[in-house]
Structure formats: C-alpha cells, structure tokens
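Please treat every number below as a calculation from the coordinates, not as lab data. What you are looking at is a predicted structure, and each value in this text was computed from that prediction instead of being measured. Cβ coordinates were reconstructed from backbone atoms using ideal geometry, including for glycine residues, and neighbour counts include every protein chain displayed.
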Amino acid sequence: MPTITTKDGTQIYYKDWGSGRRGPPNDGGALALSDDDWQHAFDTNLFAAVRLDRAFLPSMLAQGSGVIIHISSIQRTLPLFDATLAYAAAKAALTNYSKGLSKEVSPKGIRVNSVAPGYTWRVCIFLVRISLAVEELRTRSQAQS
C-alpha cells in the first residue's frame, strides 16, 4: 500500500484505485449492468475504504488523532446513468459513509473528509466522452430520418 512519511514521522496511507467499470463500456444504463458489475463497483469504491478504515482506526483511536480522506466523485450527485451508474451509486454511498464515520470518530480526535474531484483527464474519461458523443450523434441522426 502506498505510504508517505512526513518529517515528523507521521505516516500517511492512501488508496486511490476506484474505478467505474471493468472491461468494455457497459452502455445502456441500469438494465445493462449485471450483479457482478454492481458488486465490483461497490467492492472497489466503497468496501475497500471501509476495510482500510477498520484496519487503521484502532491505532488512530489509541493515539487520539488521525486523518482519513476518502476520494469520492462529482458523480455521487451527477451520475452518468448510461455509462457509470454503479460507480456513481458507490461513490454516493462512500460520501454518506464518510459523513457518518466523521460524526462517530471526530469527538475522538480523528478527522474524516471526503473530496469529490471533477473530471480528470484519463483515457477512460476520454473514451466515455467519445462514446456519449457518438450516441448523441446516432440519436440525432435517427430523429432526422
């Protein structure tokens, strides 16, 4: 697991390997997503954070301090229903979990934050945007026919 050690010896562990899908795009919305697609989205984007927190919280609680930062997504409130619905739902769950965990552990000296970045330029984002643009062109073409 990636670790950063600061000058004062504080160790920071981080996880940023969430994803919206496996393999080719699952275009078509909710009906195109299998139970495995949904499970993968939640395993990767919610349960991985829950498991890491359970591993590190005992030592943070023992020392009375710590910081947990979860990487959510703007899709938690702005889902692309025809491309990444399961991912968006998992990120919404992560944000809600983060808020609940914060209320539980902040009185004990542990800060929990969730950040929700917008689009980051990655190949997968590029492919999703191209796929959506092609679908829009198809729809317009069919409407004009």
- Query: Ranked highest first by the average count of other Cβ atoms within 10 Å around their residues, in what order do 70-79, 53-62, 105-114 fall?
  - Reply: 70-79, 105-114, 53-62
- Once amide H atoms are placed 1.01 Å from N in the peptide plane, what residues at a sequence separation of 5 or more from GLY66, or on another chain, have their amide H within under 5 Å of its amide H? ARG111
- Query: Length gain on complete extension for the stretch ILE74 to ASN113, per 0.36 nm per residue less the alpha carbon to alpha carbon distance?
  - Reply: 12.6 nm
- In Hz, Karplus ³J(HN,Hα) per residue of segment 43-55 (6.51, -1.76, 1.60; θ = phi - 60°; x = Gly, Pro): 4, 7, 9, 10, 5, 4, 5, 4, 5, 4, 4, 4, 6
